[in-house]
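The structure that follows is given in the form of structure tokens.
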Amino acid sequence: MAVFRLKLVVFFFLCSSLYGVAQSNYTVLLPKPQQVKWYAETKACNRVEILKAENQEYIHRCLSDLGIVAQEQASTKLEITMVDQIEEARVNQHEAYRLRVNDHCIHIEAITEQGVYWAFQTLRQLRVKEKDKTVNK
């Protein structure tokens, strides 16, 4: 009987948690970032001009995976900057990144290429949400 009650409590907790996520106005990012600041809704772009980035071949592949074409003179710019430290990242500094997105620019700051990879994974999740017509603040 105690095992049944425990299972029931766990089931109720999971259902209520999932309901809260489903009712939330916020995009769920996995893994959960250490810090997120939403400022405004941003429209998806299909073309970007790469202003600054190392390893261009890798960046073109990442963009292609997102359905984004790298093109000179595109209205949205992509800038990737490698930095020594991201102070807000309390753990996993080697995977840390800062991602800022608005209608005119995608800016990624990362300590390592692993951080750039995670930034593109976050963009992928935001892109999927955009296909559902909203990237929420």
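Laboratory data are not the source of any read-out in this text; all were calculated from the coordinates shown. Nothing here was measured: the structure is a model prediction, and the numbers come from that model. FYI the Cβ positions are ideal-geometry reconstructions off the backbone, even for glycines, and counts take in every protein chain you see.
I need ASP84, ASP65 ordered by Cβ neighbour count within 10 Å, fewest first.
Values: ASP84 6, ASP65 13.
Taking fewest neighbouring Cβ atoms as first place, the list is ASP84, ASP65.
Separate question: Could you grab the relative contact order for the stretch 29-131? Cα pairs under 8 Å, six or more apart, rounded to a whole percent. Numbers along the way, then the final one.
Working: 155 pairs, mean separation 27.0, N = 103.
That works out to 26 percent.
Mind listing the long-range amide H neighbours of ILE50? Cut-off is under 5 Å, sequence gap 5 or more, other chains count too, H placed in the peptide plane at 1.01 Å from N.
Placed amide hydrogens put GLN71, LEU78 under 5 Å from ILE50.
Taking the Cβ-Cβ separation of ARG100 and GLU41 as r and a Förster radius of 22 Å, what is the calculated FRET efficiency to the nearest 0.05? Display every interim value, and only then the final one.
Details: r = 15 Å, r/R0 = 0.66.
After rounding to 0.05, the efficiency reads 0.90.
While we're here: Quick one: net charge of ARG47's neighbours, Cβ under 12 Å, K/R +1, D/E -1?
With Lys, Arg at +1 and Asp, Glu at -1, the net is -1.
Report the FRET efficiency, 1/(1 + (r/R0)^6), for GLN121 and GLU49, where r is their Cβ-Cβ distance and R0 is 22 Å, rounded to 0.05. Let's see the in-between values first.
Values: r = 22 Å, r/R0 = 1.00.
With a Förster radius of 22 Å, E is 0.50.
Let me check I've understood the local charge: for ALA70, count other residues with C-beta under 14 angstrom from its C-beta, Lys and Arg +1, Asp and Glu -1. What total comes out?
Values: positive: ARG47, LYS52, ARG61, LYS77; negative: GLU49, GLU57, ASP65, GLU72, GLU79.
So the environment of ALA70 carries a net charge of -1.
Would you mind ranking CYS62, CYS105 so that the residue whose beta carbon has the fewest other beta carbons within 10 Å leads the list?
Details: CYS62 22, CYS105 16.
Ranked by crowding around the Cβ, least crowded first: CYS105, CYS62.
Once phi is turned into ³J(HN,Hα) by the Karplus curve 6.51 cos²θ - 1.76 cosθ + 1.60 with θ = phi - 60°, what whole-Hz value does each residue of the stretch 64-74 show in order, with x for glycine and proline?
Once θ is set to phi - 60°, the couplings for the stretch 64-74 become 4, 4, 8, x, 10, 9, 7, 8, 5, 6, 5 Hz.
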